[in-house]
1. Is it true that some residue in region 542-550 is assigned to a helix (DSSP H, G or I) and more than 22 Å from LEU143 (Cβ to Cβ)?
2. Would you please list the contacts, defined by Cβ atoms under 6 Å and residues six or more apart or on different chains, that run from a residue in region 253-269 that is touching a residue at least 40 places away in the same chain (Cβ under 8 Å) to a residue that is assigned to a loop (DSSP other than H, G, I, E, B)?
3. Only one of GLY326, GLY346 is out of contact with any His (no Cβ under 9 Å at 6 or more places or on another chain), within 29 Å of PHE225 (Cβ to Cβ) and modelled with pLDDT under 95. Can you tell me which?
4. For region 233-256, how many residues meet the condition of being over 19 Å from ASP290 (Cα atoms) and in contact with a Lys or Arg (Cβ under 6 Å, 6 or more places away or on another chain)?
5. Please specify each residue of region 1-55 satisfying the condition of being in a strand (DSSP E or B), hydrophobic (A, V, I, L, M, F, W, C) and crowded, with 18+ Cβ neighbours inside 10 Å.
6. Identify all residues within region 186-223 that are of a type in the set (Ser, Thr, Tyr) and part of a strand (DSSP E or B); write none if there are none.
7. List the helices (runs of 4 or more DSSP H) inside region 419-465, counting only whole elements, that have at least 3 residues being under 16 Å from TRP355 (Cβ atoms).
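The values are calculated or read from the model by the stated rules, or taken from the named source; none is laboratory data. Since the model is a prediction, treat every value here as computed from it, not as a measurement. Cβ coordinates were reconstructed from backbone atoms using ideal geometry, including for glycine residues, and neighbour counts include every protein chain displayed.
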Amino acid sequence: MGAFLLVKKPKDLDIKQVEKEYNNSLRVFDKKGLSCYHRIDTKDYVIWAFYKYKYKVDNVVSFDNNQFVIATGTLIYNRRMDHSVLKELFNDFSEDGKFLSKLHGEYCLIVSKDGKLYLVNDYLGLNRIYADKQKNVVSNSYLAVLKSIEKPTVSPQELYEYSLYGSFFGIQSLIKEIDLVDSRNIWQLYPEVSAIPRIPEVAQLDSRNFDEMVAKVSENLLDYFSIIKENFGDNVCLGLSAGWDSRLVLALLKKVGVKPLYLYTYPDSRQPTCVERTKIMARGEGLEIDYVDDGKPPEVSEDGFEAFIENQYFMNDGLIPVFNNGSTLDHRLKRVDKAKLQLNGGSGEIYRNFWRLPHRNIPVDGFVKSRYDIDFSMCTNRFDKNTHFSTFADKIRALLEITDNRLNEKQIAMLFPLWHARYWMGYDNTINNQISYGLTPFNEARIALQSLDIPLKYRNYGSFQASLIKYIDPDLAKYTSHYGYNFYAPLPIRARLKDYAKLHVPIWLKAFIRKNFWNVNDVKFQLSKKQFPLPYYLSTEYRKRIFSNSELMVAEYFDLDKIRDPELLSRVLSAELIISNRF
């Protein structure tokens, strides 16, 4: 199943009146191309279930006394995905959460049992669930919840986060009336709302020995990938590069006997040798690989631009920027015709020192500034830098459930899966699961949380991840990466010195470098000091086709004339579509 909408019935309304009142929310799914195949109507709430865009699979099982189970996304229980496993899941379901140890994937589960209604999604929340403040309207579509809000109001902090960094962080969304449902709880939605904390079951890394850790992590990964094989076989799509993460995924697939049905690669402006190196690796492994170039698809005409943006807006559920050439969505839809499971190698950084910080305690506000202190000259006087950073720091303390202002080594490691991956990657994964089936294995709780036991010193220089690849598939490790070295031999001294320098840059200096030169991942992040040419779809003529009123709501927060980076401008204009409820 691809999507759902849950609405608690306003007093004394029958189903026809409810559908009339929430027609705009239901219309969102029509715009997405998701057809409704099941409706559960009780005296207190209504749930609409929608097929995936690509697959018409029924994931609703009903029992007596208004009891039922509904699954969306990619839900695997007790190593199975068949329809009958939902009955087993219903029988095992309990508030104590013991059933959760058998649950894998990126999913949302709705259960009505013993007079109560429950909701739970994957622990890291990659299959996102949104709700209004009272949890009267709940859906895995942000736009469906947005359309239920009579007068949406902007949450400035989250608007700035979304626009400047590509995501809002924490539970509050960029619309004040809409929250991201906290995936670390089992939620009771009826007869009253309550949150039941869940504690994921994770195989701890007890040994401090490097090689023993590599072996135990590999064992955990291979067991998970064997579950993928059992349910999808070779019917898998993977984007491959010559770098770390997708190579590790390919090694794991090979080890369990999966030959992906569809492999593709894509250009990376930061790594000019990436495509060439990836093709060499694929040929060496006897694998066919497709080259996907998103460079210059045919231009959309001015007359067709409004329909083009509207389609992208609904298909991307509003939160993925839509002012672009359309190639990302186009490729996404084409890939689902190639293979059933869209496998994402993202978040392999759990095995590296992603933040490039030394293994010592650092202040929370120091971490925030080292990562998020960029050029803010395009912001209006509504923006207050001190408030912006202090709110960021408060969110991190709330997430980690700490009260002091220092982060230890493990807490720093926690910020990748619980902060960066959860909030920054959730958009794409949710859309993938509305369209088809999608998994990001390194965001599986049993995998991501186990990685927190790996000391930071083992992650430095990519040592641990390189050893994983070498342990699982030595031959695959020997191919030269687009960094200029392979993952089988020791790291070259030049690369080691370069990483060492980045690791030991003082926290205060990291912010200066990020703002004025480069960020710690070698990605240029000069948002206003360098003039980038604006593509046609961001030109004044095209923007007028969408915004007839020259004074945009986002102009209260951004001076659009000072924005020089096309990606930032795309996010700001996409946010305008949401806060103005344009479509």
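1. yes
2. Short answer, once both residue conditions are applied: LYS254/ASP473; LEU261/ASP234; LEU261/ASN235; LEU261/ALA339; TYR262/LYS338; TYR262/ALA339; TYR264/VAL292.
3. Result of the check over GLY326, GLY346: GLY346.
4. 1
5. Those that are in a strand (DSSP E or B), hydrophobic (A, V, I, L, M, F, W, C) and crowded, with 18+ Cβ neighbours inside 10 Å: ALA3, PHE4, LEU5, LEU6, VAL7, ILE40, VAL46, ILE47, TRP48, ALA49, PHE50.
6. Within region 186-223, TYR190, SER194 meet the criteria.
7. In region 419-465, 422-435, 456-459 are the helices (runs of 4 or more DSSP H) which contain 3 or more residues that are under 16 Å from TRP355 (Cβ atoms).
For every residue, the table says whether it meets (1) assigned by TED's automatic domain parsing to the domain that holds LEU439; (2) without any contact (Cβ under 8 Å) to a residue 24 or more places away in the chain; (3) within 19 Å of the chain's Cα centre (by Cα).
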residue: PRO321; (1), (2), (3): no, no, yes
residue: ASN324; (1), (2), (3): no, no, no
residue: THR328; (1), (2), (3): no, no, yes
residue: ASN344; (1), (2), (3): yes, no, yes
residue: GLY348; (1), (2), (3): yes, no, yes
residue: ARG360; (1), (2), (3): no, no, no
residue: LYS369; (1), (2), (3): no, no, no
